[in-house]
Every structure is written in structure tokens, then in C-alpha cells.
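Written below as C-alpha cells is the structure these notes are about.
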Amino acid sequence: MNRRRAATAILVTLSALGMGLSGCSSSVWGAPEDEKLGEGKYALCFSKQSSAMDGKHQDGKVVIANQDGSFSEIKTWGMDTCSMAWNEAGLFFSDTRNDYRLDNAGLTTISSEKTDSQYGMLATSSDTAVGIYNLGFSETGYTTQVVTTSGTTSTKKEIEGGYFIVSKCDGAVYGMGIGTGPYSTTGDPETEPMVLNQLTGTADGKEKNVGSSNEAREGITLEDAPCIGGKIYYISDAKRGGLDASAQPVLSSWDVDTGKYESHPLVTEDKNLTLFRQDGTGFPYVASGSVNNGALEWLGAGNSIMSTELKNGNTKQRFTVEGYRNDSATSKAVFTENEVIVLVDNNDGSNFRIARYDRITGKELGRTVLDVRPDKLSDGMFFRGFAAKP
């Protein structure tokens, strides 16, 4: 597990013949040969947990939904906490055996063996995506797999560290996580520093340490935290002693050039405004498009779109969005230039639905409801990831 290794994968290009994505269909034993992106607007990823994957059955799938609620399915071999990236080249996703790109020409499958748990998938250029995967503890620290898919090949390398927050800045991927291996200073996860490492584009192909902080703290797993002006932003909990202490939400930022970490406490005029769940989990959700007009916009625990000024942490509620529970951490949001697109939690057993809101006014612009019972759509798997066509 400690050895660094890279494997160049073999391309398998499936036929581009056949119909596009209209109506509900199911596929057997992986990527159907007639699959195309077609009129697809949204992608949902489902997977079994790592412990339930046996490597013999297809334990995951990606659902491509049209605006009218019709959809198509692509069976996969499963990827716990699966993440997807969608850019002008198409939709990138992966499982334990392959990397995939779905576009209007068809579905391309690239053989690419990897572990079964993912941190994130980031599109770093028009035809390149980088997947970050959680391999786990090694004899000397902790190991992450980095898989780069470009054009017709995928390459894999293993690096030190565990990165529950990842981001892309100027084409390079960065990861933030608790110090392990050579970055460990105390041996105790509660007191270890948090590190900022560059994961791609380094001179030797390994991770490159950029910064370290004893004040920084991890929050929710973020698969594509925003990077603006060379700084990565997210909401987290201030460093504190003991898990029983009250949450202290802060705006966190890392400078990818200097490695400096900074934070601002979230300041609100309304002291009763819900920011975190009461149990301290379900940290605010941000995405690559969250920064807007000098503020970080995020999906809060109270089914609210919140805005935090980057310069001082001043925070206000912009508008509310649909949600079954006011402290649910299962909704997902995509921030585009003009819209906030929310995959609404369906803890009430209702159908999966996607609502679009005007980013300025908060007015609902439209919605898509998948025309199938949620238990039939999930098919015993967990909903893990959401992406929207840019």
C-alpha cells in the first residue's frame, strides 16, 4: 500500500448508435451501448456503502434526468460517496473498475481500477477530470488515490494524506485534511494540524505541502470547494476542545500561494438564525460557484441560501428553499451564474425533485420531479451525488 504506483488505463469506446435519454430505461451489466447525454439536465449518483460492495455485482448507478422528469440509468460497479463533474465536454464519473465520460456522442468507458470511496471529482480543463479517492491507513500514514482522466486515458497515483475538502485553483487540485505521515506533529487526530497540499501539477508527481494550521478544522466533506483569487473558501467549525462543545461556525480560507490560513466568525443580526444542525453535523454546503459579489453563498441547515462576506464574516439569510426537515443535511445545491439548483431532500418519502431558484431574487424558476417512487429509483442504494448541466 505504501508503494507509489501509476497505471495507464486502456480505453474502451462504446458505440454511439441508438436513442438518446428519453423516458425511463434500465441497463444491465454496465454502460449500455446506446447511451447518450441527449437532453439530460441533471445527474444523480447512487451507491451501496463500501462495506456492502462485493466486487461481483453492480452496486451503483448514475441517473440522468431530463427537465420533464424522464430519465435514464447507467449501472456501475459502485463508488461510495460518489462525486461527478460536468463541463462542456460532458459528464465525468467513476466506479471501482472504470472511469466514464458521457457526452452527445455516447458513453466512453476507461478501465481504471481504484478503491471504493471518493472525496471528489473535479474538471480541471475541457477534457480532463481528476478523481480523488480515500484508500485509507497505511503503515506510515494515510493514502489517497488520485486518478486523472484526459481524453482516452486514465492514470493513477498514490499520495500521502486524507483530503475531505478538495478544490481546484488555476487548473491544479488542492486538498485539505488532518496532518498524517510526514505532516503529523502530535499523533493525536484531535490536536494534529490541518494541512493544505497541492495534489496535481507538482514537479515530482507527489503531493506538495503548501501550508499548515493548528487553528483550521475540517467541516463537511466538500467535493469542489470554491477558489477565487488564489484563495479557497468554505464554512467550518472553529478549533475547539471536545466534541460536546457548542459549534462555532467560521468562514475559513486558505491562500494557495502562501499557505496562510485565515478565519472569520460568522456574525448575524438574527441570533436565532440556524447555521449548523443541533447535533453539530451537516455543515453548510458550498460548491465551486458559491462565491458571488464578494460573498460566499451556501446552503444552510435551515433550508436557507445564506451569504457570508469574505472580508469580515458578516452573514445574512438570502432566501429559503424547499426542504422536508429544517436541519436536513441531505439536500444538495449547485450554484450557477444566475441560479441556485437544489436537489431537495426527500426524507418524507416523496419523489426526488430538483428546484431552480433565481440567485438574486430567490424566486423559484421551475422544478423537475422524477416520475418514479424513490425506493424504486434508489433500489436499496444510498443517494450520494448530484450534478447539473452547466
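General remarks:
- Note on segment 357-372: residues that are open to solvent by 50 Å² or more (accessible area, probe 1.4 Å) and either among the hydrophobic types (A, V, I, L, M, F, W, C) or part of a strand (DSSP E or B) (or both) amount to 5.
- Failed item in (1) at pLDDT 95 or above; (2) farther than 22 Å from residue 205 by Cβ; (3) among the basic types (Lys, Arg), with residue 156 passing the rest: (2)
- Segment 290-305, subset in a loop (DSSP other than H, G, I, E, B) and open to solvent by less than 20 Å² (accessible area, probe 1.4 Å), residue modelled with the lowest pLDDT: 301
- When segment 90-102 is filtered for residues that are open to solvent by 30 Å² or more (accessible area, probe 1.4 Å) and under 14 Å from residue 387 (Cβ atoms), only 101 remains.
- When residue 142 is tested against the conditions (1) on the phi < 0 side of the Ramachandran plot; (2) under 19 Å from the mean Cα position of the chain (by Cα), the lone failure is (2).
- Qualifying residue in segment 123-139 (condition: closer than 26 Å to residue 205 by Cα, assigned to a strand (DSSP E or B) and touching a helix residue (DSSP H, G or I) at 6+ places or on another chain (Cβ under 8 Å)): no
- Residue within segment 141-163 that is touching a residue at least 12 places away in the same chain (Cβ under 8 Å), open to solvent by 50 Å² or more (accessible area, probe 1.4 Å) and of a type in the set (Asp, Glu) present: no
- Test for residue 175: is it touching a residue at least 24 places away in the same chain (Cβ under 8 Å), open to solvent by less than 40 Å² (accessible area, probe 1.4 Å) and on the phi > 0 side of the Ramachandran plot: no
- Filtered residues of segment 226-255 (kept if within 20 Å of residue 293 (Cβ to Cβ) and either modelled with pLDDT under 70 or of a type outside the set (Lys, Arg) (or both)): 226, 227, 228, 229, 230, 232, 233, 234, 235, 251, 252, 253
- Residue, least open to solvent (accessible area, probe 1.4 Å), within segment 257-273, restricted to residues that are over 11 Å from residue 316 (Cα atoms) and part of a loop (DSSP other than H, G, I, E, B): 259
- Residues that are assigned to a loop (DSSP other than H, G, I, E, B), at pLDDT 95 or above and open to solvent by 60 Å² or more (accessible area, probe 1.4 Å) within segment 187-218 comprise 201, 203, 204, 206, listed in sequence order.
- Any chance residue 183 is crowded, with 19+ Cβ neighbours inside 10 Å, in contact with a Lys or Arg (Cβ under 8 Å, 6 or more places away or on another chain) and aromatic (Phe, Trp, Tyr): no
- Conditions (1) open to solvent by 10 Å² or more (accessible area, probe 1.4 Å); (2) of a type in the set (Gly, Ala, Ser); (3) in contact with a Lys or Arg (Cβ under 6 Å, 6 or more places away or on another chain); number of the one not met by residue 323: (3)
- Test: residue 229 is open to solvent by 10 Å² or more (accessible area, probe 1.4 Å) and either touching a residue at least 24 places away in the same chain (Cβ under 8 Å) or in contact with a Pro (Cβ under 6 Å, 6 or more places away or on another chain) (or both): no
The values are calculated or read from the model by the stated rules, or taken from the named source; none is laboratory data. Worth saying up front: this structure is predicted, and the values here are computed from it rather than measured. Methodologically, a virtual Cβ is constructed for each residue, glycine included, from the backbone with ideal geometry; neighbour enumeration extends over all protein chains shown. Areas reflect the complete protein model, heavy atoms only, side chains present, ligands, DNA and RNA absent. Shrake-Rupley method; radii C 1.70, N 1.55, O 1.52, S 1.80 Å.
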